[in-house]
Amino acid sequence: MFLPAINPTKTKAWQALENHFQKISEQQLQDIFEKDADRANHFKIEWQNFYVDYSKNRITKETISQLLKLADEVKLKEAIYQQFSGKKINETEDRAVLHTALRDFENMKPVVKATLQKMELFSEGIVSGSHKGFTGKPITDVVNIGIGGSHLGPEMVTEALHFYRNHLKTHFIANIDGDAVAEILSELNPETTLFIIVSKSFTTQETIANAIVVKEWFLKSASEADIQKHFVAVSANIEGAKEFGISEANIFPMQDWVGGRFSLWSSVGLSICCAISFKNFEAMLKGAYEMDNHFKNEDFAGNIPVILALLSIWYNNFFKAESEAVVAYSQYLHKLVPYLQQAVMESNGKSVDRNGEKIDYQSGMIVWGNVGSNSQHAYFQLLHQGTKLIPTDFIGFSQSLHGNKENHNILMANFFAQTEALWEGTHHKNIENSFKSFDGNKPTNTILIKKLSPKNLGSLIALYEHKLFVQGIIWNIFSYDQWGVELGKTVAKGTLRAIESKDPSKIKNQSTANLLKKFMKE
């Protein structure tokens with residue numbers, strides 16, 4: 001076993017945290033800023049273009065001290081080394097976990113360098129117009145066909161960096177919903193559209209089914225030979241892609257040591273390169289690389305991913321909070337939460353530890369949220385006055401991109417005010433109407449970033465990647481397998497056979513069989 005396999009609840013730090021929690025759990029900590037005038041300076045981390053304020057949390061210096069001891073006792077430092085050195089820490093699938101190697105500009109693997117060069121050359125041909133379609137016209141639209149990590153990452157990034165986009169229109173086909181596919185195709189011209197099929201195995205049911213629909217649509221206007229000008233693949237299955245009709249020159253490799261939900265840095269990011277140009281994609285890689293170095297080398301007390309992960313452990317395992325919200329005060333980041341949901345919940349939604357034993361403590365926080373200030377007019381009511389404790393990350397930017405300072409000032413005034421209001425509530429205020437009473441004491445982290453640039457976005461994504469890694473190490477689970485995803489796929493195959501044969505009697509589950517009968521009658 002490459003990773004340490006330590007039950008966190010058996011450590012001295014965990015026991016100390018349980019005792020500490022009993023003392024602090026019922027305290028209203030709003031007054032703590034008056035008692036400690038320097039608290040905001042004690043609980044902050046400044047790194048490059050990032051300013052992280054975690055002073056509005058239900059913690060004291062003792063809390064952080066014990067959480068850091070917990071990180072040491074579960075041998076987090078050793079685990080970080082094992083990951084970055086390429087050990088097969090995804091032990092249940094016998095794989096290394098090296099998405100960080102995709103952006104390691106100091107010791108870049110030859111296969112990574114060659115792939116990046118191929119991505120640069122191809123995307124520049126698409127953007128410049130030198131790559132022509134079957135009628136000699138340049139490409140105007142790029143369609144990414146994939147699902148899960150082959151879709152969520154590229155879509156999130158192209159939306160987040162829309163300000164940096166070129167003239168190309170980018171579309172995403174993920175859901176097997178045929179109506180959705182038809183809607184996208186209705187907007188496209190086969191003469192000027194490039195399709196990128198993203199599937200490591202080139203057998204993913206949803207992706208291949210959608211690719212076949214698209215191919216049939218394309219062949220109504222073009223010939224089989226024209227496929228090579230309009231279809232490329234990102235896959236480890238070269239033969240499967242070639243059988244589809246894709247030229248081997250247009251097949252971009254995927255590495256076994258990169259999990260799907262961490263693959264946007266790889267050739268899976270080809271659609272990103274086409275949308276924002278390769279130089280901006282490369283800048284994003286460099287931002288992630290710099291966060292990797294911060295995570296790998298910084299002492300835990302000043303390490304952003306480590307501190308945020310430890311705070312999440314504090315609320316999940318001691319306060320028994322089951323979810324945490326992420327609210328980004330930028331409309332560009334409206335796809336960030338769906339991306340994080342897969343990254344975090346697919347990684348840490350586990351109930352068996354690294355020793356193969358059923359765990360008896362909570363793991364895997366539920367992640368949800370939306371953009372501010374829209375969220376304030378929706379679920380913030382529950383954050384302020386609801387009965388559930390929901391720690392929240394606020395992400396904002398000092399500079400706007402289009403220069404509308406008036407709107408940006410209003411946006412950021414709300415950004416700062418909401419964290420203060422959640423913390424302060426109406427504590428010590430004379431509120432005669434109980435319906436207008438706010439308990440406050442609601443924890444938040446404030447991540448203030450200079451500007452939404454490709455480099456800073458890369459750092460932000462890598463921050464959350466490393467945060468979930470730390471959580472998994474402390475919970476003593478394998479964060480990088482995904483066996484829970486496979487079970488539903490297996491069951492669906494039998495269900496599809498029953499639908500296609502119009503014989504629901506093949507289904508043993510009575511509820512499902514009855515539903516199929518009703519479905520087949522409609």
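The values are calculated or read from the model by the stated rules, or taken from the named source; none is laboratory data. Since we're looking at a predicted model, the values are computed, not measured. A quick note on method: Cβ atoms are made from the backbone with ideal geometry, for glycine too, and the neighbour counts reach across all protein chains shown.
Things worth noting here:
- Within the set F105, F172, the sole residue that is of a type in the set (F, W, Y), farther than 27 Å from I473 by Cα and at pLDDT 95 or above turns out to be F172.
- Qualifying residues in segment 415-463 (those that are surrounded by fewer than 17 Cβ atoms within 10 Å (Cβ to Cβ), part of a helix (DSSP H, G or I) and not small (G, A, S)) - the one nearest to the chain's Cα centre (by Cα): F416
- Only one entry in G458, G425, G440 is farther than 30 Å from T387 by Cα and touching a Gly at 6+ places or on another chain (Cβ under 6 Å), namely G458.
- Screening the candidates A328, A275, A321 for the property of being at pLDDT 95 or above, of a type in the set (A, V, I, L, M), touching a helix residue (DSSP H, G or I) at 6+ places or on another chain (Cβ under 8 Å) and surrounded by fewer than 24 Cβ atoms within 10 Å (Cβ to Cβ) yields one hit, A321.
- Filter result for T495 (in a strand (DSSP E or B) and of a type in the set (V, I, T)): no
- Restricting segment 220-240 to residues that are in contact with a helix residue (DSSP H, G or I) (Cβ under 8 Å, 6 or more places away or on another chain) and of a type in the set (A, V, I, L, M) leaves a set whose member that is farthest from T192 (Cα to Cα) is I238.
- Candidates D36, D31, D53, filtered to the one that is in the same structural domain as I449 (by TED's automatic domain parsing), touching a helix residue (DSSP H, G or I) at 6+ places or on another chain (Cβ under 8 Å) and modelled with pLDDT under 95: D36
- Total residues in segment 90-112, condition surrounded by 17 or more Cβ atoms within 10 Å (Cβ to Cβ) and not hydrophobic (A, V, I, L, M, F, W, C): 6
- Segment 338-370, residues that are surrounded by fewer than 20 Cβ atoms within 10 Å (Cβ to Cβ) and either without any contact (Cβ under 8 Å) to a residue 12 or more places away in the chain or over 15 Å from the mean Cα position of the chain (by Cα) (or both): S351, V352, N355, G356, E357, K358, I359, D360, Y361, Q362
- Residue match in segment 75-89 (condition: closer than 26 Å to S479 by Cα, surrounded by fewer than 20 Cβ atoms within 10 Å (Cβ to Cβ) and among the acidic types (D, E)): yes
- The sole residue among I184, I173 that is out of contact with any Pro (no Cβ under 9 Å at 6 or more places or on another chain) and closer than 18 Å to A233 by Cα is I173.
- Selected residue (criterion: surrounded by the most Cβ atoms within 10 Å (Cβ to Cβ)) from residues of segment 113-132 that are within 25 Å of the chain's Cα centre (by Cα) and in contact (Cβ under 8 Å) with a residue 40 or more places away in the chain: S123
- Against the numbered list (1) in contact with a helix residue (DSSP H, G or I) (Cβ under 8 Å, 6 or more places away or on another chain); (2) hydrophobic (A, V, I, L, M, F, W, C); (3) under 25 Å from S221 (Cα atoms), A180 comes up short only at (1).
- Meets criteria (buried (at least 20 other Cβ atoms within 10 Å of the Cβ) and either basic (K, R) or more than 30 Å from D353 (Cβ to Cβ) (or both)) for G146: yes
- Inter-residue pairs, beta-carbon under 9 Å, first within 17 Å of V344 (Cα to Cα) and modelled with pLDDT of 95 or more and in segment 136-154, second in a loop (DSSP other than H, G, I, E, B) and charged (D, E, K, R), 6+ apart: S150/K200; L152/K335
- Residue within segment 228-241 that is outside the structural domain of T490 (by TED's automatic domain parsing), within 22 Å of I184 (Cα to Cα) and either free of Cβ contacts under 8 Å to residues at least 12 places away in the same chain or assigned to a loop (DSSP other than H, G, I, E, B) (or both) present: no
- Residue within segment 425-437 that is among the charged types (D, E, K, R) and at pLDDT 95 or above present: no
- Verdict on A114 being assigned by TED's automatic domain parsing to the domain that holds C273 and not β-branched (V, I, T): yes
- When L116 is tested against the conditions (1) farther than 23 Å from S223 by Cβ; (2) touching a Gly at 6+ places or on another chain (Cβ under 6 Å); (3) of a type outside the set (V, I, T), the lone failure is (2).
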